[in-house]
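To keep things clear, I will list the structure first and then write my remarks on it.
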Amino acid sequence: MHQQHGAALIVVLSLLSITLMLGLSGFQSALVDERLAGNYRASTEAQMGAEQAISYAWGEGGEHLTSADFVPAASLEALESQDWEAFYPGSRAGPCRGNLRCPFRYVRVGGQYYIVAMGAIASDNQAMASSLPVVARVEFREIPDPAFTRGLLSAGHINVTGNSTLTPARYADGSINPSVVHANSIVDISVPESQRAYITSGADRMVDVPLPGERPAGEDVSQCTRATPPPHCYKRYDPDVFDEYRNRSGVIRSCSVNLNSLRHGDTVYCEGSLSVGSGSVEGKQITLVATQDVSMSGSTTTSSPVNAEIGLFVVAGRNISFSGRTDNYGVFWAGGYVSQSGTSRLYGSIVAGNYIQSSGGIDFTSINNVTNRDAYIEAEPRIVSWR
């Protein structure tokens with residue numbers, strides 16, 4: 001009888017051991033499943049964060065996105081192969097909060113534009129789980145830079161003595177350009193009362209002004225974080241403009257030219273100040289570029305002012321000056337000021353980083369028929385693929 005009791009004890013202990021082992025095995029399996037579920041959840045959240053970053057970078061319909069936002073990259077494949085530790089530094093912060101990080105980059109590879117984003121569950125910038133890179137390819141349509149179709153645009157002030165007239169651009173749908181003259185500082189110009197509606201100043205709103213070259217040392221960007229930043233904070237400089245023309249195939253390197261001697265498609269580049277003689281620009285697309293000043297002597301004429309195509313594009317790193325009574329057809333873009341001595345007619349547009357000044361009246365016609373492709377930008381973006 002005692003032997004049977006001992007055998008029963010052994011059987012019970014064996015069953016308890018087996019049950020314990022099964023319980024431990026089940027517990028370990030549950031822990032593994034929980035970790036797997038946690039890892040899957042973290043990976044899913046990271047991937048969703050990357051997609052959220054793409055949407056954030058794209059913005060509301062991409063309407064504020066321009067090709068200037070994209071920086072050159074050696075290759076898309078190299079970027080896609082980066083892990084979190086390599087991708088995170090130097091990327092822009094996305095909208096994610098807490099332990100979820102979702103940085104992104106705007107990159108340009110050749111003529112292709114991409115938004116690349118990654119997501120990660122991270123603590124102290126150490127990723128516990130990260131996503132694969134998400135890539136959206138963006139295409140732009142080329143349109144005339146809106147800055148060059150609005151009329152007289154100054155990041156400083158506009159001062160014109162004498163009586164002037166303003167004729168706004170009229171578009172195909174019958175609408176007209178609502179602002180023909182704008183300065184981020186003050187505007188002092190005498191026009192008929194009916195034309196005052198075409199004039200705005202910094203008191204109405206501040207306008208982003210694109211400019212060629214480097215920002216001058218005297219413009220303190222530290223002030224641009226103020227609630228009401230000074231006018232120079234609304235300047236946007238493009239330091240690569242001159243490199244583009246300097247290295248252009250077939251460029252004419254000269255600092256003194258006459259418009260009559262130039263042909264359709266010519267680009268003139270001057271490392272310094274450029275002197276330009278008068279001549280006809282009828283039917284021609286001509287680009288004149290100087291790293292410093294441009295001096296326009298005489299008129300740039302055409303025989304059909306009402307329906308004129310604007311094919312002349314003049315770029316100055318510093319100032320553009322017109323001398324004498326002149327009729328000018330073109331887009332004139334200056335990092336500094338634009339000045340005119342004497343009464344003049346202008347068909348096209350002026351964009352200046354400092355001021356626009358005329359010592360005589362100006363008959364200004366804002367024409368939106370800009371044909372010179374150098375005055376175009378890549379805009380109106382659309383996402384063509386997402387992976």
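Restricting the count to DSSP beta bridges whose residues both fall in segment 67-144, what percent are antiparallel, rounded to a multiple of 5?
If I count the DSSP bridges inside segment 67-144, around 90 percent turn out antiparallel.
Sort SER280, SER385 so the one with the fewest other Cβ atoms within 10 Å of its own Cβ comes first.
Final ranking by Cβ density, sparse to dense: SER385, SER280.
Tabulate in residue order the Karplus-calculated ³J(HN,Hα) for segment 372-387, using 6.51 cos²θ - 1.76 cosθ + 1.60 with θ = phi - 60°, rounded to whole Hz; enter x for Gly and Pro.
6, 5, 5, 8, 9, 10, 8, 9, 6, x, 8, 7, 9, 7, 8, 9
Nothing charged except the Cβ atoms of Lys and Arg (+1) and of Asp and Glu (-1): what's the magnitude of the dipole of segment 146-375 about its Cα centre? Round to the nearest 20 debye.
120
Is it possible to state the helix-based mean residue ellipticity at 222 nm for the chain, with each DSSP H run of 4+ residues giving -39500 (n - 2.57), the sum divided by total residues, to the nearest 500 deg cm²/dmol? What is it?
-6500 deg cm²/dmol
Any cysteines in the chain with zero other Cys Cβ atoms under 4.7 Å from their Cβ? List them, or say none.
none
How long is segment 125-168 along each principal axis, judged by its Cα atoms, biggest number first, in Å?
Answer, in whole Å and largest first: 70, 28, 10 Å.
What spacing in nm lies between the two simple spin-label points modelled at GLU214 and ALA93, each 7 Å away from Cα in the Cβ direction?
3.0
Please list the equivalent ellipsoid semi-axes of segment 146-375, computed as the square roots of five times the alpha-carbon gyration tensor eigenvalues, in descending order and whole angstrom.
The three semi-axes for segment 146-375 are 25, 23, 16 Å.
Spin-label point model (7 Å from Cα, Cβ direction): what's the SER175 to ILE383 distance in nm?
Distance between label points: 2.6 nm.
Take each of the peptides 156-163, 198-205, average the number of other beta-carbon atoms within 10 Å over its residues, and list them starting from the highest.
Averaged packing, sorted descending, gives the order 156-163, 198-205.
Tell me the Kirkwood radius of segment 79-186: reciprocal of the mean inverse pair distance over distinct alpha-carbon atoms, in Å.
18.4
Return the sequence-ordered ³J(HN,Hα) values of segment 182-192 in whole Hz as given by the Karplus equation 6.51 cos²θ - 1.76 cosθ + 1.60 applied to θ = phi - 60°, using x for Gly and Pro.
9, 9, 6, 9, 9, 10, 10, 8, 9, 9, x
Sequence-distant or interchain residues sharing an amide H contact under 5 Å with TYR237, placed H: which?
Close amide H contacts, sequence-distant or interchain: LEU211.
For the charge dipole of the chain, defined by +1 on Lys and Arg C-beta atoms and -1 on Asp and Glu C-beta atoms about the Cα centroid, which residue among ILE143, VAL351, SER339 has the Cα displaced farthest towards the positive pole?
Working it through, the farthest residue towards the positive pole turns out to be SER339.
How much FRET efficiency would the formula 1/(1 + (r/R0)^6) give for GLU63 and ARG325, where r is the Cβ-Cβ distance and R0 is 56 Å, rounded to 0.05?
The value I calculate is 0.85.
Find which of ILE186, ALA203, HIS264 sits farthest along the positive direction of the dipole of segment 146-375, computed with +1 on the beta-carbon of Lys and Arg, -1 on that of Asp and Glu, about the Cα centre.
HIS264
Could you sort the peptides 271-277, 128-134, 236-242 by per-residue average Cβ neighbour count (10 Å cutoff), highest mean leading?
Ranking the peptides 271-277, 128-134, 236-242 by packing returns 128-134, 271-277, 236-242.
Report the label-to-label distance for GLU51 and HIS264 in nanometres (one decimal), using points 7 Å from each Cα along the Cα→Cβ vector.
5.1
Mind checking the angle between helix 2-58 and the chain's longest principal axis? C-alpha axes, 0 to 90 degrees, to the nearest 10.
0
Here are several values of P(r) over Cα pairs in 10 Å bins from 0, in percent: [x] 5, 18, 23, 19, 12, 8, 4, 3, 3, 2, 2, 1, 0, 0; [y] 4, 22, 33, 27, 12, 2, 0; [z] 5, 23, 31, 23, 13, 5, 1. Which one was derived from the coordinates shown?
Of the listed options [x] 5, 18, 23, 19, 12, 8, 4, 3, 3, 2, 2, 1, 0, 0; [y] 4, 22, 33, 27, 12, 2, 0; [z] 5, 23, 31, 23, 13, 5, 1, [x] comes from this structure.
What are the residues whose amide H is under 5 Å from the amide H of LEU65, where those residues sit 5 or more places off or on another chain and H is modelled from the backbone?
HN-HN under 5 Å from LEU65: empty list.
Please list the non-local residues whose amide H lies under 5 Å from the amide H of LEU312, H modeled 1.01 Å from N, same-chain partners needing a gap of 5 or more.
It is ILE286, VAL331, by chain and number.
Which of THR165, THR225, THR343, THR287 has the fewest other C-beta atoms within 10 Å, and how do the rest follow up to the most?
In increasing order of surrounding Cβ atoms, one gets THR225, THR165, THR343, THR287.
Which ³J(HN,Hα) values in Hz, rounded to whole numbers, follow from the phi angles of segment 313-321 under the Karplus curve 6.51 cos²θ - 1.76 cosθ + 1.60, where θ = phi - 60° and Gly and Pro get x?
10, 10, 10, 10, x, 10, 10, 10, 10
If packing is taken as the average number of other Cβ atoms within 10 Å across a peptide's residues, how do 145-153, 249-257 rank, most packed first?
Answer by packing, highest mean first, reads 145-153, 249-257.
Relative to the Cα centre, what is the charge dipole magnitude of segment 241-363, using +1 at the beta carbon of each Lys and Arg, -1 at the beta carbon of each Asp and Glu, and rounding to the nearest 20 debye?
In total the dipole reaches around 120 debye.
When the dipole is taken about the Cα centre of the chain, and only Lys, Arg (+1) and Asp, Glu (-1) are charged at their Cβ, what size is it in debye, to the nearest 20?
Dipole about the Cα centre, nearest 20: 180 debye.
Put +1 on the Cβ of each Lys and Arg and -1 on the Cβ of each Asp and Glu in segment 67-144; which of TRP84, LEU100, ALA74 then has its Cα farthest toward the positive end of the dipole?
The Cα lying farthest towards the positive end belongs to LEU100.
All of the numbers you see were taken from the coordinates with simple rules; none came from a lab. Given the structure is predicted, the values throughout are model-derived calculations rather than measurements. All Cβ positions, even for glycine, are placed from backbone atoms using ideal geometry, and neighbour counts span all protein chains on display.
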